[in-house]
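Step one of this worksheet: look at the structure below.
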């Protein structure tokens with residue numbers, strides 16, 4: 001199932017501003033990007049996009065209340081600098097099983113002042 005259709009199903013007759021948790025695991029992302037998620041999800045605190053084929057988080061909308069972001073088992077190799085801008089209150093970030101190869105890729109995550117947990121299991125950067 002495509003990501004934007006899955007988001008529509010997950011709404012379950014709620015408005016985006018009523019949603020605090022959104023699980024999109026195993027759905028398909030065209031072009032490796034997040035699709036169908038807008039800044040109308042202003043109350044979103046937990047977002048999971050495990051195994052969706054993501055290569056980028058560049059078009060992630062501004063989600064000020066997002067605290068936990070699950071991005072494991074995708075193909076993300078960079079572009080993480082947008083997370084500090086779009087999700088400034090992130091406390092937990094799971095990037096395990098992605099294509100992250102060097103420390104410069106995760107360097108921008110230092111700007112996430114509230115980050116308490118960063119999971120990089122099964123990423124090449126852990127072999128340095």
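Screening residue 18 with (1) in contact with a helix residue (DSSP H, G or I) (Cβ under 9 Å, 6 or more places away or on another chain); (2) within 22 Å of residue 85 (Cβ to Cβ) gives one miss only, at (2).
Taking the stretch 23-41 as the range and being touching a helix residue (DSSP H, G or I) at 6+ places or on another chain (Cβ under 6 Å) and outside any loop (DSSP other than H, G, I, E, B) as the test, no residue passes.
Taking the options 60, 44, 90, 66, name whichever one is buried (at least 17 other Cβ atoms within 10 Å of the Cβ), in a loop (DSSP other than H, G, I, E, B), in contact with a helix residue (DSSP H, G or I) (Cβ under 6 Å, 6 or more places away or on another chain) and in contact (Cβ under 8 Å) with a residue 24 or more places away in the chain. Of 60, 44, 90, 66, the one residue that is buried (at least 17 other Cβ atoms within 10 Å of the Cβ), in a loop (DSSP other than H, G, I, E, B), in contact with a helix residue (DSSP H, G or I) (Cβ under 6 Å, 6 or more places away or on another chain) and in contact (Cβ under 8 Å) with a residue 24 or more places away in the chain is 60.
Every condition in (1) buried (at least 17 other Cβ atoms within 10 Å of the Cβ); (2) closer than 25 Å to residue 106 by Cα; (3) over 12 Å from the mean Cα position of the chain (by Cα) is met by residue 7 except one, and the failing one is (2).
Is there a residue in the stretch 57-71 that is more than 12 Å from the chain's Cα centre (by Cα) and within 22 Å of residue 8 (Cβ to Cβ)? Yes: the stretch 57-71 contains one or more residues that are more than 12 Å from the chain's Cα centre (by Cα) and within 22 Å of residue 8 (Cβ to Cβ). Candidates in the stretch 16-36 are the residues that are buried (at least 19 other Cβ atoms within 10 Å of the Cβ) and under 17 Å from residue 94 (Cα atoms); of these, the one that is modelled with the lowest pLDDT is 34. Of the residues making up the stretch 37-60, those that are farther than 19 Å from residue 88 by Cβ and either in contact with a strand residue (DSSP E or B) (Cβ under 6 Å, 6 or more places away or on another chain) or at pLDDT below 95 (or both) are 48, 50.
The values are calculated or read from the model by the stated rules, or taken from the named source; none is laboratory data. Predicted, not measured: the structure shown is a model, and the values here were computed from it. As a convention, Cβ positions derive from the backbone with ideal geometry for all residues, glycine included, and neighbour counts pool all protein chains shown.
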